[in-house]
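Every number in this text was worked out from the coordinates using simple rules, so none of it is lab data. All figures in this text were calculated on a predicted structure; none of them were measured in a lab. Cβ sites come from the backbone with ideal geometry, for glycine too, and all protein chains shown count toward neighbours.
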Amino acid sequence: MDALARSLAADQHGDALPQPLLVLVAREAIAAGAPASAPARAEALRRSLLQRVINATGVLLHTNLGRAPVAHHQPPSYTNLELDLRTGARGSRSAHTATLVARACGAEAALVVNNGAAAVLLALAALAPGRGVAVSRGELVEIGGGFRVPEVMVASGARLVEVGTTNRTRLADFERARDDPRSDLALMMQVHQSNYRIVGFTEAVTTRALATLGVPVVVDVGSGLLDAACPWLADGPPPWVRDEPAVRQTLEAGAALVVCSGDKLLGGPQAGIIAGRADLVAACARHPLARALRPGSLVLATLHDTLMAYLRRDGQDIPFWRLATLPISGLEARARDIAAAVLDGHGPSAAAPSSGPAHLEVVTCASTPGGGTLPGIEIPSVGLAIDGDHTASLRAATPPIIARVHDGRTLLDLRTVEPTDDAVLITALASLRS
Ligand SMILES: *Cc1c(COP(=O)(O)O)cnc(C)c1O
């Protein structure tokens, strides 16, 4: 077994698996009576580990691919995570990153937690324990991955007070709930219909109207679009964010608190944000669950960098926004260059696509924001299409390339591919055609 494990180690190149994992693989291969299967098993194990992939799906916030791409460079150094450098006394984890969040969206205060679900849970647990929270029946949503508003409500210890109907909810419905002593309303909550739309005979209450009723309004905007005016983009808001609720404008409309995710349209790491009235944010921070839901310094540092880019109005330094706003002309030029390089690499025979190698073509396509945001929205894009389903071979590339199949062709959308990865696509496409 040791010899087999050692031979596996010799097989591997730069990214050798640690010895205990190779021994495990060797033991499994021998137990299965197939020692020769060991290299394949080692490779399968290596493929199961967390690693960088190339996203050629055109889905900008792909939940399976970690939603927003973020950079995180951190030397192995200490930080002032909970130290006030001015006084030398113990500081707050919220002093730096959360303060930047508040600045970037015009909130009095903010708190950062582990994800959007945690932000909703904490706000409800801290602000409505054992009390009523009014929510429209049209907003009792399931986001996916088990996040269902009625169930989060139960877990938080708050009591759901359903208001209105699935398609129509009016201000008077909320007023009745407020005035019914059995409701004991602590909050009124709006939940953005992130991943679906109710169309037709519909009516909903605006945050501005709801905020007139005298009960604090908490709005779960979901995606974390910080400002509808997108001041971090030179050309202002792209047309596809038009109907998306933004944190700054929701607070301006009178929401007491807004909660959202860090890794959707905010373009940061997985995190949850609670922003709004300072007294309510402080109540959330004091709740015992806040400790259990707090992120670590790696996440705070990464979110910190994302927010600094917002405050510098430098959307090009936020990977999600840079990719989402890449102009078509540049994508087209890259697609043509990639196609030419693939064909060149294969000499004259590849120029005759009908015989032999699969036909490769530059195509227009549509990227999507993804991540359960903006359903039905498409962003024009350009990619490469190759006949047949090659997704498995592309996943086997190094680094793995994730593509999709459309109309019997494998489509690689360049909007979500970093230009520095084009060379990897060229190699992979050339080997598909050989
Ligand atoms: C995505 C989403 C959540 C959950 O956020 P996570 O960061 O995925 O935990 C909650 N509410 C709404 C409206 C969402 O869109």
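A few points about this structure:
- The stretch 18-72 and the stretch 377-406 have Cα centres spaced 19 Å apart.
- Fluctuation leader among Asp220, Asp389, Asp243 - the chain, Gaussian network, Cα springs under 10 angstrom: Asp243
- Residue-averaged 222 nm ellipticity for the chain, from DSSP H runs of 4+ at -39500 (n - 2.57), nearest 500: -10000 deg cm²/dmol
- Centroid-to-centroid separation of the stretch 110-185 and the stretch 197-225 [C-alpha atoms, Å]: 12
- Between Leu111, Leu225, Leu289, the residue with the greatest mean-square fluctuation in the GNM of the chain (Cα pairs under 10 Å linked by springs) is Leu289.
- Placing unit charges on the Cβ atoms only, positive for Lys and Arg and negative for Asp and Glu, gives the stretch 107-227 a dipole magnitude near 180 debye about its Cα centre.
- Values of log10 I(q)/I(0), in the order q = 0.14, 0.20 Å⁻¹, for the stretch 45-93 under a Debye, Cα-only, solvent-free model: -0.64, -0.81
- With the charge dipole of the stretch 306-434 set up from +1 on Lys and Arg Cβ and -1 on Asp and Glu Cβ about the Cα centre, the Cα lying farthest toward the positive end among the listed residues Ile318, Ala430, Pro399 is that of Ile318.
- GNM top mover of Pro76, Pro327, Pro129 - the chain, alpha-carbon springs below 10 Å: Pro76
- Calculated diffusion of the stretch 93-217, Stokes-Einstein form, Kirkwood radius summed over Cα pairs, 10 °C and 1.306 mPa s, µm²/s: 102
- Shape category assigned to the stretch 377-434 from the gyration tensor of Cα positions, a/c cut at 1.5: oblate
- Taken over the Cα atoms of the chain, the convex hull encloses 192 Å³ per residue.
- Charges were assigned to the Cβ only: +1 to each Lys and Arg, -1 to each Asp and Glu. The resulting dipole of the stretch 88-151 about its Cα centre is roughly 220 debye.
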